[in-house]
Amino acid sequence: FIMIFGGSSVTAGHDNYFNQSYPLVFDRRMHPMFESLGVDLIVKNIAQGSNQCIPYELCYNSMGLDHADFLGWEQSFNW
(Lines give C-alpha, C1' and ligand atoms only; values in the text may rest on other atoms or scores of the structure.)
Protein backbone atom coordinates (compact mmCIF):
# COMPACT_ATOMS: atom_id res chain seq x y z
CA PHE A 1 0.00 0.00 0.00
CA ILE A 2 1.79 3.13 -1.21
CA MET A 3 1.05 6.52 0.35
CA ILE A 4 2.59 9.75 -0.96
CA PHE A 5 2.48 12.99 1.02
CA GLY A 6 3.40 16.30 -0.57
CA GLY A 7 3.07 19.96 0.22
CA SER A 8 5.05 22.73 1.83
CA SER A 9 7.75 22.90 4.49
CA VAL A 10 5.23 21.84 7.16
CA THR A 11 4.94 18.36 5.63
CA ALA A 12 8.59 18.34 4.54
CA GLY A 13 9.61 18.64 8.18
CA HIS A 14 11.48 21.92 7.82
CA ASP A 15 9.70 23.52 10.77
CA ASN A 16 10.62 20.67 13.11
CA TYR A 17 12.75 17.55 13.00
CA PHE A 18 12.24 15.47 9.85
CA ASN A 19 11.27 12.41 11.90
CA GLN A 20 8.49 14.55 13.43
CA SER A 21 6.94 15.36 10.06
CA TYR A 22 3.39 14.10 9.55
CA PRO A 23 4.24 11.41 6.97
CA LEU A 24 6.92 9.85 9.18
CA VAL A 25 4.75 9.98 12.31
CA PHE A 26 1.92 8.38 10.32
CA ASP A 27 4.28 5.65 9.10
CA ARG A 28 5.57 4.88 12.60
CA ARG A 29 2.07 4.65 14.03
CA MET A 30 0.36 2.78 11.20
CA HIS A 31 3.16 0.47 10.02
CA PRO A 32 2.57 -2.12 12.79
CA MET A 33 -1.14 -2.29 11.99
CA PHE A 34 -0.55 -2.72 8.26
CA GLU A 35 2.10 -5.34 9.01
CA SER A 36 -0.31 -7.29 11.23
CA LEU A 37 -2.75 -7.35 8.29
CA GLY A 38 -0.04 -8.64 5.96
CA VAL A 39 0.04 -5.41 3.95
CA ASP A 40 3.37 -3.80 3.06
CA LEU A 41 3.11 -0.07 3.80
CA ILE A 42 5.33 2.36 1.89
CA VAL A 43 5.15 6.03 2.88
CA LYS A 44 6.91 8.65 0.73
CA ASN A 45 7.42 12.25 1.81
CA ILE A 46 7.96 14.39 -1.31
CA ALA A 47 7.06 17.75 0.23
CA GLN A 48 9.31 20.75 -0.46
CA GLY A 49 9.69 24.00 1.39
CA SER A 50 8.73 27.31 -0.25
CA ASN A 51 6.94 25.73 -3.17
CA GLN A 52 3.85 26.94 -4.90
CA CYS A 53 0.80 24.75 -5.48
CA ILE A 54 1.29 24.86 -9.21
CA PRO A 55 3.00 22.89 -10.74
CA TYR A 56 4.15 20.76 -7.79
CA GLU A 57 0.79 19.13 -7.08
CA LEU A 58 0.86 17.91 -10.69
CA CYS A 59 4.25 16.20 -10.29
CA TYR A 60 3.40 13.22 -8.12
CA ASN A 61 4.36 10.79 -10.88
CA SER A 62 7.90 12.11 -11.23
CA MET A 63 8.48 13.04 -7.58
CA GLY A 64 6.70 10.08 -5.99
CA LEU A 65 5.38 7.02 -7.70
CA ASP A 66 2.88 6.71 -10.51
CA HIS A 67 0.83 3.96 -8.87
CA ALA A 68 0.11 5.26 -5.37
CA ASP A 69 -2.90 4.07 -3.42
CA PHE A 70 -3.20 7.31 -1.41
CA LEU A 71 -2.14 10.90 -2.14
CA GLY A 72 -2.01 13.62 0.49
CA TRP A 73 -1.33 17.31 -0.11
CA GLU A 74 -0.86 20.09 2.45
CA GLN A 75 -0.49 23.74 1.47
CA SER A 76 -1.45 25.56 4.64
CA PHE A 77 1.31 28.15 4.97
CA ASN A 78 1.96 29.26 1.36
CA TRP A 79 -0.62 31.90 0.56
Output the qualifying pairs, or none if there are none: Cβ atoms under 9 angstrom, residues six or more apart or on different chains, first residue in segment 6-32 and more than 15 Å from G49 (Cα to Cα), second residue at pLDDT below 85 and among the aromatic types (F, W, Y). L24/F18
Among helices (runs of 4 or more DSSP H) entirely inside the chain, those with 2 or more residues being modelled with pLDDT under 75 and out of contact with any helix residue (DSSP H, G or I) (no Cβ under 8 Å at 6 or more places or on another chain) are 53-56, 60-63
State all residues of segment 1-37 that are surrounded by fewer than 18 Cβ atoms within 10 Å (Cβ to Cβ) and among the hydrophobic types (A, V, I, L, M, F, W, C); if no residue qualifies, say none. F1, I2, F18, L24, V25, F26, M30, M33, F34, L37
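The values are calculated or read from the model by the stated rules, or taken from the named source; none is laboratory data. Computed from a predicted model, the values in this text were never measured in an experiment. As a convention, Cβ positions derive from the backbone with ideal geometry for all residues, glycine included, and neighbour counts pool all protein chains shown.
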